[in-house]
Amino acid sequence: MNQDLSEIEDKITESGAWQTFRDFLGLHINIGEDISISILDILIIITVIFVTTIVLRIVLKIITRNVPEENIGKFGVVYGYFRWLVYIVILLITLHSVGVNVTAVFAASAALLIGIGLALQTLFQDIISGVFILIDQSLHVGDIIEIEGKVGRVEEIKLRTTRAITIDNKVLIIPNHLYLENSLYNWTQNGTTTRENVEVGVAYGSDVQLVKRLLLQAASTNENVLSEPEPAVIFTNFGDSSLDFKVSFSLIDSFKAQFPKSEIRFEIDRLFREHNVSIPFPQRDIHIIQK
């Protein structure tokens with residue numbers, strides 16, 4: 001008999017604890033006059049977002065399994081935008097499913113959204129610009145770009161900014177809206193091979209054919225210069241104090257162009273000294289007239 005009473009008391013205790021837990025889950029949080037959400041609804045939303053995150057990661061692994069390594073970076077940018085879109089859609093569907101008035105949510109947050117929108121215009125410009133970058137394909141991970149006089153190799157394109165690495169290994173954070181406001185030079189959109197130039201002036205009276213031959217020799221013997229297309233020398237101008245020349249050549253890695261260009265300048269200086277070709281500097285003659 002005592003054992004039966006003990007079992008009944010345990011059942012009553014368990015029933016009371018379960019009811020307390022159910023009451024806790026049923027507690028509602030009121031947000032404004034028209035929006036009410038329970039603790040259970042919040043737990044459901046968290047669970048759905050967690051499951052969605054796992055599913056998205058599985059989908060990403062399946063899709064990128066056969067994607068070439070050089071295109072994974074580009075796909076990651078598209079996936080980032082797609083992931084946020086999925087989160088927003090899933091969140092709205094879940095809120096509607098648990099009985100939250102989604103229309104009231106938008107209505108209650110309208111004034112707040114307007115204030116945030118006015119305060120974060122630049123942020124929205126960056127996001128829209130990021131979408132434009134994906135649509136017109138003007139920029140990809142790995143491209144070498146120049147904007148506002150700064151040059152870098154694109155490492156990552158995010159929702160708001162583009163991350164690039166400069167030649168001296170500094171990180172360049174570029175807000176995406178700058179692409180709409182400034183001219184962007186993409187050095188590698190047509191391929192990694194670019195045409196570079198080194199300019200030099202020689203004294204009047206110099207043998208221009210000898211100068212041409214020496215410039216071609218300096219460029220063609222550099223190990224970084226491509227044989228096709230061949231280097232070329234252009235007689236650019238009759239300067240105030242010099243005959244101006246430009247030697248053009250092709251490089252496979254324009255990101256590090258300053259190093260082979262420096263080597264070519266060293267070689268030009270050596271060849272000019274060896275063949276007695278002088279590089280002039282500006283001079284002015286002053287004549288004093290005595291009356």
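The values are calculated or read from the model by the stated rules, or taken from the named source; none is laboratory data. Computed from a prediction, not measured in an experiment: that's the story for all the values here. Counting neighbours? That spans all protein chains shown, and the Cβs are built from the backbone with ideal geometry, glycine included.
Key figures
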{"read-out": "The range 179-199, residues that are touching an Asp or Glu at 6+ places or on another chain (Cβ under 7 Å) and hydrophobic (A, V, I, L, M, F, W, C)", "value": "187"}
{"read-out": "Conditions (1) closer than 30 Å to residue 150 by Cα; (2) surrounded by fewer than 13 Cβ atoms within 10 Å (Cβ to Cβ); number of the one not met by residue 244", "value": "(2)"}
{"read-out": "Search result, residues across the range 169-196 that are part of a strand (DSSP E or B) and of a type in the set (Asp, Glu)", "value": "196"}
{"read-out": "Filter pass, residue 222 being of a type in the set (S, T, N, Q) and outside the structural domain of residue 145 (by TED's automatic domain parsing)", "value": "yes"}
{"read-out": "Residues being farther than 19 Å from residue 266 by Cα and of a type in the set (Val, Ile, Thr) - total across the range 203-233", "value": "1"}
{"read-out": "Residue that is surrounded by fewer than 18 Cβ atoms within 10 Å (Cβ to Cβ), of a type in the set (A, V, I, L, M) and in contact with a helix residue (DSSP H, G or I) (Cβ under 6 Å, 6 or more places away or on another chain), where the choices are 214, 180, 210", "value": "180"}
{"read-out": "Subset of the range 265-282 that is assigned to a helix (DSSP H, G or I), touching a residue at least 60 places away in the same chain (Cβ under 8 Å) and closer than 11 Å to residue 214 by Cα - its residue that is farthest from the chain's Cα centre (by Cα)", "value": "272"}
{"read-out": "Residues of the range 197-228 classified as part of a strand (DSSP E or B) and either free of Cβ contacts under 8 Å to residues at least 12 places away in the same chain or among the polar types (S, T, N, Q) (or both), total", "value": "1"}
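Results for (1) assigned by TED's automatic domain parsing to the domain that holds residue 149; (2) farther than 21 Å from residue 281 by Cα, shown as yes or no for each residue.
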position	(1), (2)
172	yes, yes
176	yes, yes
201	no, no
211	no, no
215	no, no
229	no, yes
239	no, no
